[in-house]
Amino acid sequence: MISCWFGTRVLGEAIAVAQRQLAASGNAPQPHPGAIDWSDQALVRALFEQQGTTVAVTEHRHHFTDVSSEAYWDYLVARHPLAVPAKAALLRAGTYDDVRTEAIAVLESGNERSDGFQISSPYYVLRADLPSAAAADIL
């Protein structure tokens, strides 16, 4: 089984604020050659189906909550393994405060609650039963 976020939603848009600034400063990580875009459901299905395996996909939603959009952003950048070094790079570039302000505005634009903070993010779970040799070819 594989689970993956898909589509552009509020959280992705907020993260994109930081990614754009990292790219502008020359600090954006480069994608791994041959990396698979696991959020591209058609591509993932095709990869598994090439191995003769039928896939089952179910869509779900996850709710991210906190007391405020500011608290959620601060929690994210303090603990997420990709956000911690990104924050450090933005601080070195002197752009972190602007990124934080813009990202929080994006998060707040999608806030689903008036008494705190909540955004919903869709993801899918893909289930395919493969022999281990076939799985190694895909992964």
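Bear in mind these aren't lab numbers, they're just calculated from the coordinates by the rules spelled out. Bear in mind that the values here come from a model prediction, so they are computed numbers and not experimental data. In this analysis, Cβ positions are derived from the backbone assuming ideal geometry, glycine residues included, and neighbour counts consider all displayed protein chains.
Among Asp74, Asp115, Asp97, rank each residue by its count of other Cβ atoms within 10 Å, from fewest to most, as a rough exposure measure. Each step should come with its number before you reach the end.
Details: Asp74 15, Asp115 6, Asp97 10.
Fewest-to-most Cβ neighbours within 10 Å comes out as Asp115, Asp97, Asp74.
Shape call for the chain from the C-alpha gyration tensor, a ≥ b ≥ c root eigenvalues: rounded (a/c under 1.5), prolate (a/b greater than b/c) or oblate?
Numbers: a/c = 2.99, a/b = 1.61, b/c = 1.85.
Because a/c hits 1.5 or more and a/b fails to exceed b/c, the chain counts as oblate.
Which residue fluctuates most in the GNM of the chain (Cα springs below 10 Å): Ile119, Ile36, Ile15?
Residue with maximal mean-square fluctuation among Ile119, Ile36, Ile15: Ile36.
Does region 1-48 come out rounded, prolate or oblate by the C-alpha gyration tensor, with a ≥ b ≥ c the root eigenvalues, rounded set by a/c under 1.5 and, if not, prolate when a/b is larger than b/c and oblate if not? Walk me through the numbers before you get to the answer.
Values: a/c = 3.48, a/b = 1.64, b/c = 2.13.
Oblate, because a/c is 1.5 or more while a/b does not exceed b/c.
Between Leu91 and Arg127, what is the FRET efficiency for a Förster distance of 30 Å, r being their Cβ-Cβ separation, to the nearest 0.05? Don't jump to the answer; show the numbers that get you there.
Numbers: r = 41 Å, r/R0 = 1.38.
Given R0 = 30 Å and the Cβ-Cβ separation, E is 0.15.
In a shell of Cβ-Cβ distance under 13 Å around Ala83, excluding Ala83 itself, what net charge do Lys and Arg (+1) and Asp and Glu (-1) give?
On the way: positive: Arg79, Lys87, Arg100; negative: Asp74.
Charge balance in the 13 Å sphere: +2.
What FRET efficiency would be calculated for the residue pair Ser3, Ser68, taking the C-beta separation as r and a Förster radius of 25 Å, to the nearest 0.05?
Values: r = 27 Å, r/R0 = 1.10.
For Ser3 and Ser68, the calculated efficiency is 0.35.
Amide H to amide H under 5 Å from Ala28: which residues, 5+ apart in sequence or cross-chain, H placed 1.01 Å off N in plane?
Amide H neighbours of Ala28: Ala23.
What ranking, highest mean first, results for peptides 40-51, 98-109 when packing means the other Cβ atoms within 10 Å averaged over each residue? Walk me through the numbers on the way to the answer.
Values: 40-51: 14.5, 98-109: 17.3.
Descending packing order for the listed peptides: 98-109, 40-51.
Output the relative contact order of region 2-138, whole-number percent, from Cα pairs under 8 angstrom with separation of 6+ residues.
On the way: 155 pairs, mean separation 62.2, N = 137.
Value for region 2-138: 45 percent.
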